[in-house]
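Asks: Submitted below is the structure of interest, expressed as structure tokens.
The values are calculated or read from the model by the stated rules, or taken from the named source; none is laboratory data. None of these values were measured; they are calculated from a predicted model. Using ideal geometry, Cβ is built from the backbone for each residue, glycine included, and neighbour counts are taken over all protein chains shown.
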Amino acid sequence: MTEKKVEKNEKVSEKPFKTAISQHVDETSYIRGYDLNDLIGKVTFTEQIFLLLKGELPTEPQRKVLDAMLVACAEHRINVPSIVSARYAYSAGNTFNSAMAAGILSIGDYHGGAIDNAAKMFLDNIDKNAEQLAIELKSSKKRAPGYGHKVYTTDPRTTKLFQIAKENKLYGKYCEFAESFEKALEKTNSKKLCLNVDGAVAALLCELGIDYKFGKGFFALARSAGIASHVLEEALTAQPFRTLDEKDVEYIGTAKRILRK
Ligand SMILES: CC(C)(COP(=O)(O)OP(=O)(O)OC[C@H]1O[C@@H](n2cnc3c(N)ncnc32)[C@H](O)[C@@H]1OP(=O)(O)O)[C@@H](O)C(=O)NCCC(=O)NCCS
């Protein structure tokens, strides 16, 4: 990589926006100090994401783990809120990016968006006994973020991600805690609540030292690829104006009546 140094402004800036991410000087864009043109063709998208978030390029093990996390979250199945809403938005005649935005807006605490809450829970309780935490959560009637799944009793994505983390020596205390908390939940809950992909990603973000606040952003970033592919498929293969099938709708409101006015 070219050693083109960018002068750091040592003066305390009075400007309202301060950024350590990028700057554009003399028609060249610098990302975390690196000339963008040097990065192009030399670093992968995953490395670029790590560089943007953390300010440094990842080590090879960090790259492998982050890459696996992104792949694990990019797509799962059609019938989840982020995909259905994106396809609906496109079928209503919106632009491609608006449809993608609709999909991203459908990521929430119960779908793909438990990562930040789970990571915060791991960070706050890492020195606590997992069984004690499970009991506290149960008595406060709160759901454990990053646990439970509509389909799985064991989330295979978690198994694979932790295997890759182990291979790359990035399986640390947060992953361990996440797994012991899964076992603790089994004792306090009647239903098996597996450590789902959100929970696994949350533990790995902690291991990578990426701030928990990025959680929903991480999922949005990864799932954007899946959302985009579904919107493109919708554009290329489906007729406009999707509706719910009448057989899936049951009217439960007031019976027909006459307006007397
Ligand atoms: C993902 C999720 C929505 C799947 O739900 P589900 O399997 O359909 O389960 P339900 O919403 O029908 O809940 C069934 C029971 O399990 C309980 N439960 C489900 N997930 C729970 C969790 N994470 N922590 C504690 N209890 C949970 C519910 O409270 C409910 O209990 P009840 O029967 O006493 O009322 C659910 O597990 C959840 O909310 N998880 C936390 C959020 C999360 O991790 N989301 C990311 C998913 S990838």
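Quick grid of which residues meet (1) under 30 Å from Y90 (Cα atoms); (2) in contact with a Leu (Cβ under 6 Å, 6 or more places away or on another chain); (3) crowded, with 20+ Cβ neighbours inside 10 Å; (4) of a type in the set (F, W, Y):
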| residue | (1), (2), (3), (4) |
| --- | --- |
| D109 | yes, no, no, no |
| N117 | no, no, yes, no |
| F122 | no, no, yes, yes |
| N125 | no, yes, no, no |
| N129 | no, no, no, no |
| L137 | no, no, yes, no |
| K142 | no, no, no, no |
| Y147 | no, yes, yes, yes |
| V151 | yes, no, no, no |
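Asks: Are there any pairs with C-beta distances below 8 angstrom linking a residue in region 105-129 that is not assigned by TED's automatic domain parsing to the domain that holds L185 to a residue that is within 13 Å of the ligand (Cβ to nearest atom), with the two at least 6 apart or on different chains, and if so which?
Replies: From residues that are not assigned by TED's automatic domain parsing to the domain that holds L185, there are no pairs.
Asks: Moving to a separate point now. Output the qualifying pairs, or none if there are none: Cβ atoms under 6 angstrom, residues six or more apart or on different chains, first residue in region 65-76 and closer than 17 Å to C175 by Cα, second residue basic (K, R).
Replies: Short answer, once both residue conditions are applied: A72/R157.
Asks: Consider region 80-100. How many of its residues are free of Cβ contacts under 8 Å to residues at least 12 places away in the same chain and not β-branched (V, I, T)?
Replies: Total satisfying the criteria: 3.
Asks: Just checking, how many residues over region 196-240 are assigned to a loop (DSSP other than H, G, I, E, B) and over 19 Å from the mean Cα position of the chain (by Cα)?
Replies: Of the residues in region 196-240, 3 are assigned to a loop (DSSP other than H, G, I, E, B) and over 19 Å from the mean Cα position of the chain (by Cα).
Asks: Taking only pairs six or more apart or across chains, which ones have beta-carbon atoms under 6 Å, a first residue in region 136-147 that is assigned by TED's automatic domain parsing to the domain that holds E182, and a second residue that is of a type in the set (D, E, K, R) and near the ligand (Cβ under 7 Å from one of its atoms)?
Replies: Going by the 6 Å Cβ cut-off, the qualifying pairs are G146/D198.
Asks: Of all residues being assigned by TED's automatic domain parsing to the domain that holds S229 and in contact with a Ser or Thr (Cβ under 6 Å, 6 or more places away or on another chain) in region 32-69, which is nearest to D211 (Cα to Cα)? Just the residue, please.
Replies: L66
Asks: Would it be correct to say that E234 is without any contact (Cβ under 8 Å) to a residue 60 or more places away in the chain and not hydroxyl-bearing (S, T, Y)?
Replies: No: the conditions fail for E234.
Asks: Turning to a different aspect of this structure: Output the residues belonging to region 187-210 that are charged (D, E, K, R) and within 11 Å of the ligand (Cβ to nearest atom).
Replies: Going through region 187-210, the residues charged (D, E, K, R) turn out to be 187, 191-192, 198, 207.
Across region 187-210, the qualifying residues are K191, K192, D198.
Asks: State yes or no: is L193 among the aliphatic types (A, V, I, L, M), outside any helix (DSSP H, G or I) and in contact (Cβ under 8 Å) with a residue 12 or more places away in the chain?
Replies: Values: among the aliphatic types (A, V, I, L, M): yes; outside any helix (DSSP H, G or I): yes; in contact (Cβ under 8 Å) with a residue 12 or more places away in the chain: yes.
So L193 passes the test.
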